[in-house]
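Step one of this worksheet: look at the structure below.
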Amino acid sequence: MNLIKHLERQIAWSRETFGPSPRVAGVLDHIRRELIEVEATPDDLEEWVDVILLALDGAWRAGYSAAEICAGIEAKQTKNESRKWPDWRMAPEDKAIEHQRETAAIRAVGELGRK
């Protein structure tokens, strides 16, 4: 599957079906409804895909092209891979696993070490 071509198709269909405006509140409302459906049936792939498609819809409505959205996905994956993450075995199943954030003091020390 070519994601850029798919997004171009989705954008054209969505613009024709729902109009060209940002529709931020409407897209977020729909995502919230779909998340409730995911909670009810977490093994239903179609419900997860609904959330993905709505997020992609929100991105083009925010002014990004299909190519920019794909580049953003790739850049964010690369960024996540470069971050430090806690041991997943120590994290509760019902809570998000957040990357480890540097404090300003640690960053400042690191900057001094590079000078």
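For this structure, a couple of remarks:
- Against the test of being modelled with pLDDT of 95 or more, crowded, with 16+ Cβ neighbours inside 10 Å and either touching a helix residue (DSSP H, G or I) at 6+ places or on another chain (Cβ under 7 Å) or of a type in the set (A, V, I, L, M, F, W, C) (or both), the options 7, 35, 45, 28 yield a single qualifying residue, 7.
- Any hit, segment 62-75, residues being acidic (Asp, Glu) and either closer than 22 Å to residue 97 by Cα or part of a loop (DSSP other than H, G, I, E, B) (or both): yes
- Every pair of residues 6+ apart whose Cβ atoms lie under 8 Å, when the first sits in segment 58-86 and is farther than 23 Å from residue 1 by Cα while the second is surrounded by fewer than 17 Cβ atoms within 10 Å (Cβ to Cβ) and of a type in the set (D, E, K, R): 86/98
- Here residue 15 meets the list (1) out of contact with any helix residue (DSSP H, G or I) (no Cβ under 8 Å at 6 or more places or on another chain); (2) farther than 18 Å from residue 67 by Cα almost entirely, failing just condition (2).
- Within segment 15-25, the set of residues being over 19 Å from the mean Cα position of the chain (by Cα) and either within 23 Å of residue 72 (Cα to Cα) or at pLDDT below 95 (or both) comprises 15, 20, 21.
The values are calculated or read from the model by the stated rules, or taken from the named source; none is laboratory data. In this text the structure is predicted, and so the values were computed from the model without any measurement. So basically every Cβ, Gly included, is an ideal-geometry build from the backbone, and we count neighbours across all protein chains shown.
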